Every structure is written in structure tokens, then in C-alpha cells.
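Below is one structure, written out as C-alpha cells, with a few remarks after it.
The values are calculated or read from the model by the stated rules, or taken from the named source; none is laboratory data. Since the model is a prediction, treat every value here as computed from it, not as a measurement. All Cβ positions, glycine included, derive from the backbone under ideal geometry; neighbour counts span all protein chains shown. SASA here: full protein model, heavy atoms, side chains in, ligands and nucleic acids out. Shrake-Rupley method; radii C 1.70, N 1.55, O 1.52, S 1.80 Å.
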Amino acid sequence: MSTVKIRSPPTELDAISAQEVRCVLPHFTADTAWELGTRLRARLQRASPSKPAVVNITLANSAQLLFHCATGRGTQADNDTWVARKRAAVLRWGKSTFYLHKRFGGDEDAFRAKFLLGERAGDYAIHGGGFPVRVENVEGIVGVIVVSGLTMEEDHEVIVEVLEEYLASLKA
């Protein structure tokens, strides 16, 4: 299997927000989550065959798990901790964790202070890899996609790549 690198994500907040707007789905069901999850797993295996990651897709309103897998041997329980923290950040602020990271310049102390998180700061992660699932004409987030295991840039951008490919396949 040949390696196919994940492209670099944008670094400007407007461009990251534009990705989120561009990746709104026409619908979202368990079948959609399966399709996206298996596409993410395959894409991650092509991008990083020797470094495994975790893919996690849940509903927003109930935390119902729709898809969860490791892309290969070697993930740790810590990956699931990162998944939970990224998911919590997306649910609370409605933005991708990469957007939050860039908004605060990666300064977790500033992030903690801005939202008066105190001891709860560890419940949230502002590292790329958490992405809101939105559906056309539905207010709010309906789900969360999280990737954990690569660099935060790769964790974020692989989700965007797969969402864009999935949306293009619906139009084909």
C-alpha cells in the first residue's frame, strides 16, 4: 500500500470556518456514520500505515456511539481520552477543535481563563481532530467526528478531506 499524505489544513480562522460551512451534510444517520467512519479508516491507513489512530463518530444529543475503530495496532487508552476531550469541546463551542486551537493561538491557559474553566479545563482539548457534524436546515450540531493519533493538523484535515469526498460522491 502506497502512502498518500494528508494535505495541510488552513491556518486562518476564516478558512477553517469555511471548511465547516462547506462540510454540512444533507442528512446524517447511522449509515452515514458507517460510511464516513470506514472512509476515514481507509484514508488514515493510506496516510499513515505505521502510526495508528482512533476514529470516533457519535450523535450530539445522546452521546450514542455510531462508529469507533482503530486504524491499526498500537493505539492506547489515552487516544480515547483525547477523543472524549475533543468531543466535549466541539459540543460546548460548536466549532472544530482546530478552529479553537487557532483562535487561542494554542494557548490553553488563555482558553481556560476566557471560559472560566478552572479545574474543568482538562475536560476539553483544543487540539485538531474534533469536528462538528451539521445537517442542512437543522440548527445546531447533530454529531461529532473525532480522529486521534496523528498530528493535530492531520487529525483535523483528514476529516475535512473525507467529508468533502463523501459530499462529492453524493452529487456524482
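Total residues in the stretch 39-59 satisfying the condition of being assigned to a loop (DSSP other than H, G, I, E, B) and hydroxyl-bearing (S, T, Y): the figure is 2. Counting the residues of the stretch 27-57 that are open to solvent by 10 Å² or more (accessible area, probe 1.4 Å), β-branched (V, I, T) and within 13 Å of the chain's Cα centre (by Cα) gives 0.
Within the stretch 77-88, the set of residues being among the aliphatic types (A, V, I, L, M), open to solvent by 50 Å² or more (accessible area, probe 1.4 Å) and closer than 26 Å to T29 by Cβ comprises A84 only.
So that you can scan it fast, the table gives a plain yes or no per residue for (1) exposed (fewer than 13 other Cβ atoms within 10 Å of the Cβ); (2) out of contact with any Gly (no Cβ under 7 Å at 6 or more places or on another chain); (3) in a helix (DSSP H, G or I):
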position: N61; (1), (2), (3): yes, yes, no
position: G72; (1), (2), (3): no, yes, no
position: T75; (1), (2), (3): no, no, no
position: H127; (1), (2), (3): no, yes, no
position: I145; (1), (2), (3): no, yes, no
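I need the full set of residues from the stretch 92-124 which are open to solvent by 60 Å² or more (accessible area, probe 1.4 Å), part of a loop (DSSP other than H, G, I, E, B) and of a type in the set (A, V, I, L, M, F, W, C), in order please. Of everything in the stretch 92-124, just one residue is open to solvent by 60 Å² or more (accessible area, probe 1.4 Å), part of a loop (DSSP other than H, G, I, E, B) and of a type in the set (A, V, I, L, M, F, W, C), namely L116. In summary, H68 fulfils each of the numbered conditions (1) closer than 24 Å to E12 by Cα; (2) at pLDDT 95 or above with the single exception of condition (1).
Under the condition of being surrounded by 22 or more Cβ atoms within 10 Å (Cβ to Cβ) and part of a strand (DSSP E or B), the residues counted in the stretch 129-143 number 5. One residue stands out in the stretch 1-26 among those that are among the charged types (D, E, K, R) and under 17 Å from the mean Cα position of the chain (by Cα): the one that is nearest to K102 (Cα to Cα), namely E20.
Can you say whether L163 is of a type outside the set (K, R) and either within 18 Å of A60 (Cα to Cα) or assigned to a strand (DSSP E or B) (or both), as far as the supplied structure shows? Spelling it out, L163 is indeed of a type outside the set (K, R) and either within 18 Å of A60 (Cα to Cα) or assigned to a strand (DSSP E or B) (or both).
Could you check the stretch 150-170 and list, in sequence order, the residues that are open to solvent by less than 10 Å² (accessible area, probe 1.4 Å), among the aliphatic types (A, V, I, L, M) and in contact with a Phe, Trp or Tyr (Cβ under 8 Å, 6 or more places away or on another chain)? The answer is I159, V160, L163. In the stretch 88-108, the residues that are more than 14 Å from M152 (Cβ to Cβ) form Cβ pairs under 8 Å with partners that are of a type in the set (S, T, Y), at six or more places apart or across chains, as follows: A88/Y124; R92/Y124; K95/S17. Scanning the stretch 8-31 for residues that are among the β-branched types (V, I, T), part of a helix (DSSP H, G or I) and free of Cβ contacts under 8 Å to residues at least 60 places away in the same chain yields a single hit, V21.
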